[in-house]
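This report refers to the structure that appears directly beneath it.
Derivation of every value follows stated rules applied to the coordinates shown; laboratory data play no part. Quick caveat, the model's predicted, so the values are computed rather than measured. Here the Cβ positions follow ideal geometry from the backbone for every residue, glycine too, while neighbour counts run over all protein chains shown.
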Amino acid sequence: MSKEPQPPPPEISVRCAFDEMVPLPEIKPNPRNPNTHPQAQLDLLAKLIRHQGWRLPIVISNLSGLVVAGHGRYEAALILGVEAAPVNFQDFDSQEDELAHLMADNRIAEMAELDFQGIGELLRELEASGTDLDLTGFRDFERDPLLAADWEPSAVGELGDGGGDGGAKSIGLSAEQRSIFEQAMVKMKTETDDKEMSEGRGVELLAAEYLAG
């Protein structure tokens, strides 16, 4: 019984600078690479490359001939079934520099801090446009709480005098916070004998008392 004919590999556009399109069998991953790539990550990366094309090349060291950045992209290329991938060849002064870059390539990205409110806003914008949200790199269980989150403070009152050319900013307060502040204001008005004390002045006195220890 003859095998079913296999579809040809997808045409993947190349949208990054590179030195050479290298056949996948000639690309050698670094066996000491400490970064592992779960299947779910690789499947998502393959989907991103299929949709966006190659936005980053695989980086190979001229010193060792091994991959130093882009192991995940290499494995995604295997999933896609493409014959070659864009490669950038780079020089390293020593094996130690090469290994350090191998480790830092992923580690530096992991150190970034995420603005979850900003991510939620971007996700909503993309969702409204009909964009496939998988292309953001966030999986559904990560996206759902960000899309559903209410980032507005549950405020029942505000502090600040407002008005004036300075455009003083207001501070949102919860019901409990508002109650505590009003009790503090009563105490300060009595102690300073200033029945007309503004809330802005009250905030200043509270801050000064806090800083004084």
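Data for the structure
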quantity: Where only C-alpha atoms are counted, convex hull volume of region 4-113 per residue in Å³; calculated: 125
quantity: Quotient of C-alpha Rg and 2.2 N^0.38 Å, computed over region 25-66; calculated: 1.36
quantity: ³J(HN,Hα), Karplus 6.51/-1.76/1.60, whole Hz, each residue of region 99-112, x for Gly, Pro; calculated: 5, 5, 5, 4, 6, 6, 3, 8, 5, 4, 5, 5, 7, 5
quantity: Segment residue 109-residue 124, extension gain: residue separation times 0.36 nm, minus the distance between their alpha carbons; calculated: 3.0 nm
quantity: Region 53-154: trypsin sites (Lys or Arg not before Pro) in DSSP coil with no more than 16 other Cβ atoms inside 10 Å; calculated: 55, 139
quantity: For residue 88, residues with placed amide H under 5 Å, excluding near neighbours; calculated: 19, 58, 59, 60
